[in-house]
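Presented below is the structure to which this report refers.
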């Protein structure tokens, strides 16, 4: 699968090259010599040297060179840390009447580009450095590699194409303004098996539903993936396909859970960063990675996860279907699509909804989502915390992971959640995702301090918590 950018042709800006200026200077000197010496042959030479750059420039102005530049990215979606190959292709596309105009101007095929053109490619700094390459006009690709350093939607381009006449006396810049997008999905982290207790069964929780055992004719299988438990291997299907196959889902052990990713911009007050073209913060990036990790961890362990945002909409998937029309249930078959869709997760500024018209509460009620809830959010106000508490009153158990930005001070909203029976985990963007996952069932404060600057003394967790307590007391 490849994603190619459209092509464009804009008005050129013809300029003399160094060789062109040398031609003109030689023409002036030859004209002066012909006047002083009275030689007609030197005069003819001066006229030739002067007419070459002038006629070439006139031809470039009358007949615009039409150079097609195509950019493709393979693959168009990568996981954070993986590499993608960008291919540039250039073809000449002479306009109708170009040969007639060129012959009339007396300079031959002046507007036809040379065998290769110089291309300056603008690259997002989070992908790499700008590229200056020479691309053949035959259509043969020239490739370079990008390796993204942040999740999000990154843009490649625009590119500037430099073309010149066969004599190399006139050059022209063509700005190709179109951009190509590269989607970068978060890289899920491996989580400890103990954390699966988040989807535990309680007296009010129908997360484990008794379903009939599937018969041999309706078992759904897929290819084995790293991390799949061996007890799920379907040996008959493996022998048939000559590779390890596992059961897609065992209805007898299906659990259900709800994961909510808060995307309200006001709830993430940290320093703004850009995930490519998307607004984000370092804390929100931590939450996106944690969401991807939880989805992969639970779905691989026979848990159907209802992945929502703060508006009750399904988290984006790899396709472009409307989120409100998509099923929120995520199983092992579509977990990768949702992780890929998280490349488009971004902060959005929106007001707090009224309690009577809360879209999250409405979605939970409509779909009967009374299963355990895990909320990943930032620094909430007490009112915003009460909104989530009211929306999940029917849920069996609830936990919240609050990613705090400096100063690492316990917010009042944590007390609101705890008074409602929620498990509260306070983390910073330097906290290990797996450590936060293990603390979900019991709660706690894992506010890891920022790494020290070179030469600065190392702060311990006791120092950070002591400062936090002093600020709270004050």
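Below, the figures for the structure above:
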| read-out | value |
| --- | --- |
| Residue 103 vs. criteria assigned by TED's automatic domain parsing to the domain that holds residue 128 and at pLDDT 75 or above | no |
| Single unsatisfied condition, residue 59 versus (1) at pLDDT below 80; (2) within 42 Å of the chain's Cα centre (by Cα); (3) crowded, with 18+ Cβ neighbours inside 10 Å | (2) |
| When residues of the stretch 387-413 are limited to those that are out of contact with any strand residue (DSSP E or B) (no Cβ under 9 Å at 6 or more places or on another chain) and closer than 17 Å to residue 268 by Cα, the one surrounded by the most Cβ atoms within 10 Å (Cβ to Cβ) | 387 |
| Positions within the stretch 131-161 being in a loop (DSSP other than H, G, I, E, B) and modelled with pLDDT of 90 or more, in sequence order | 141, 147, 148, 149, 150, 151 |
| Test result for residue 437, assigned by TED's automatic domain parsing to the domain that holds residue 380 and assigned to a loop (DSSP other than H, G, I, E, B) | no |
| Within the stretch 337-368, considering residues that are assigned to a helix (DSSP H, G or I) and at pLDDT below 90, the one nearest to residue 294 (Cα to Cα) | 366 |
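The values are calculated or read from the model by the stated rules, or taken from the named source; none is laboratory data. On a predicted model such as this, the values are computed, not experimentally measured, just so you know. Cβ: placed from backbone, ideal geometry, glycine included. Neighbour counts: every protein chain shown.
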